[in-house]
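The values are calculated or read from the model by the stated rules, or taken from the named source; none is laboratory data. All figures in this text were calculated on a predicted structure; none of them were measured in a lab. Reconstructed Cβ throughout: ideal geometry from the backbone, glycine too, with neighbour counts over all protein chains shown. Please note that ligands, DNA and RNA were not included when accessible areas were found on the heavy atoms of the full protein model with its side chains. Shrake-Rupley method; radii C 1.70, N 1.55, O 1.52, S 1.80 Å.
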Amino acid sequence: MLRIKLHIKALPLLFVFWFIGISNSFGQVIMMSSNPLNKEEVLLYNSYQYYTNSVEYDWKTEEWNDIEKNLQQPYHKTLPMIGYGVTDQLAMYAQFPVSYFIHPEENSFYIDDILLMSRYAIIPSSGAKSGLSLVGAVRFPTAKTGDNKNFSDGSLDFFIGEIYSTKWYSNWRTHIKSNYIINTKNEKEEKKGDEINFCIKQDYRWNKFKIAFINQYYLQFNKLDRDKNKVDDSQKTRITHQILIEYKLNNGLIIKPKFQMPSYAVGGNLYKHKIILELIYRFS
C-alpha cells in the first residue's frame, strides 16, 4: 500500500499553493530536472501567470496588429499540481488548471482540463552525473467546451516527452527538454493540431540563488475538420525566452519568479510579455 506522510507544517502551504492565483500543461510535462521524486516524497506545486493578449496575427498581410484596447483580455492562470514518488525512479502527478480572464463586459472563471502524468528516470541524475527521464501524460476533457474554446477543445490528449539534465560543470548545468502532444478528435469530429514543444534551459548557481535562462520553441500543426481536411491558418509557431531566479527558503519552499517574452511568432493572439511566479515544496 502506498503511504503518504503529510506533515502538519505543510498544511498551511497546501492552502497557499491552491489559492495563490487563478500555465500551460505542455510546459509542466517537461518541468524541472530529469529526476522525479524520491520514494514516498510528496510535491506541491503551483504556477501563477499573468499576461494580456494584445496583438493578433493577420494571415493575409502576415503581420501582427494591435488588438483594440477595449477588446484586450488580461489573463490570470494558476496550475496547482500534486506529485507522489512511487519509487526512487517513478513519480506520478495530477494537475488541476484554473483560468480567469477579465473582460470589460463580463469576467470569466474556468476550470481547465485535468492532466495525469508520470515520469520515469531511466538514468537518475545528480550533481555529479547526467540523467535522462521519460514522461507520459493524459489530458482529460473535463473542462466545459463551447465558449470555453480558449481552454479546452473537448478532446482526450496524450503527451510523450523526455528530460535530459547534465551534471554540474562548476556552477553551470544544462537541461534539454521536449514533448509531443497527440490531440484526438472532439465530439464534433474535429481535431486540434498536434503540438511540439522543445526547450533548452541553462542553470547558473550564485550563492543561495539559481539563475536560469530558457529558450523555448513551440509548434502547433493545422487543425483538421470532420472530413480530415486541414483548416487554413490554424497553425501556430512560437519562440520565447525566459529568465528566472530560484531561491530555496529554510523551510524547503522554493520560489521562482519568471519573466517571459516572445521573439518570433506566427498565428493566433499573443502577449508582449508574461509574468510568472512558481512555488514548489517537497516533503517526505
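F259 - would you say it is modelled with pLDDT of 95 or more and among the aromatic types (F, W, Y)?
Numbers: modelled with pLDDT of 95 or more: yes; among the aromatic types (F, W, Y): yes.
Considered against the rule, which asks whether it is modelled with pLDDT of 95 or more and among the aromatic types (F, W, Y), F259 comes out as yes.
Kindly evaluate K208 against the criterion of being at pLDDT below 95, touching a strand residue (DSSP E or B) at 6+ places or on another chain (Cβ under 9 Å) and under 21 Å from G268 (Cα atoms). Walk me through it before giving the result.
Details: at pLDDT below 95: yes; touching a strand residue (DSSP E or B) at 6+ places or on another chain (Cβ under 9 Å): yes; under 21 Å from G268 (Cα atoms): no.
No: the conditions fail for K208.
Where residues in segment 148-201 are out of contact with any helix residue (DSSP H, G or I) (no Cβ under 8 Å at 6 or more places or on another chain) and among the acidic types (D, E), which of them is modelled with the lowest pLDDT?
Filtering segment 148-201 down to residues out of contact with any helix residue (DSSP H, G or I) (no Cβ under 8 Å at 6 or more places or on another chain) leaves 148-158, 160, 162-178, 180, 182-194, 196, 198-201.
Going one step further and asking which of them are among the acidic types (D, E), we end up with 153, 157, 162, 187, 189-190, 194.
On the way: D153: 70, D157: 92, E162: 93, E187: 80, E189: 81, E190: 85, D194: 94.
The extreme case among them is D153.
Would you confirm, using the coordinates I've provided, whether Y264 is more than 30 Å from I67 (Cβ to Cβ), over 14 Å from the mean Cα position of the chain (by Cα) and at pLDDT 95 or above? Full working, then the answer.
Numbers: more than 30 Å from I67 (Cβ to Cβ): no; over 14 Å from the mean Cα position of the chain (by Cα): yes; at pLDDT 95 or above: yes.
In short, no.
Give just the number: which of (1) over 29 Å from D58 (Cα atoms); (2) of a type outside the set (G, A, S); (3) surrounded by fewer than 18 Cβ atoms within 10 Å (Cβ to Cβ) does E246 not satisfy?
Failed condition: (3).
Within the group I30, I102, which residue is at negative phi, buried (at least 18 other Cβ atoms within 10 Å of the Cβ) and modelled with pLDDT under 80? Show your work before the answer.
Values: I102 fails: buried (at least 18 other Cβ atoms within 10 Å of the Cβ).
None of the others qualify; the one that does is I30.
Taking only pairs six or more apart or across chains, which ones have beta-carbon atoms under 9 Å, a first residue in segment 223-251 that is at negative phi and outside any strand (DSSP E or B), and a second residue that is open to solvent by less than 50 Å² (accessible area, probe 1.4 Å) and of a type in the set (F, W, Y)?
Going by the 9 Å Cβ cut-off, the qualifying pairs are N251/Y281.
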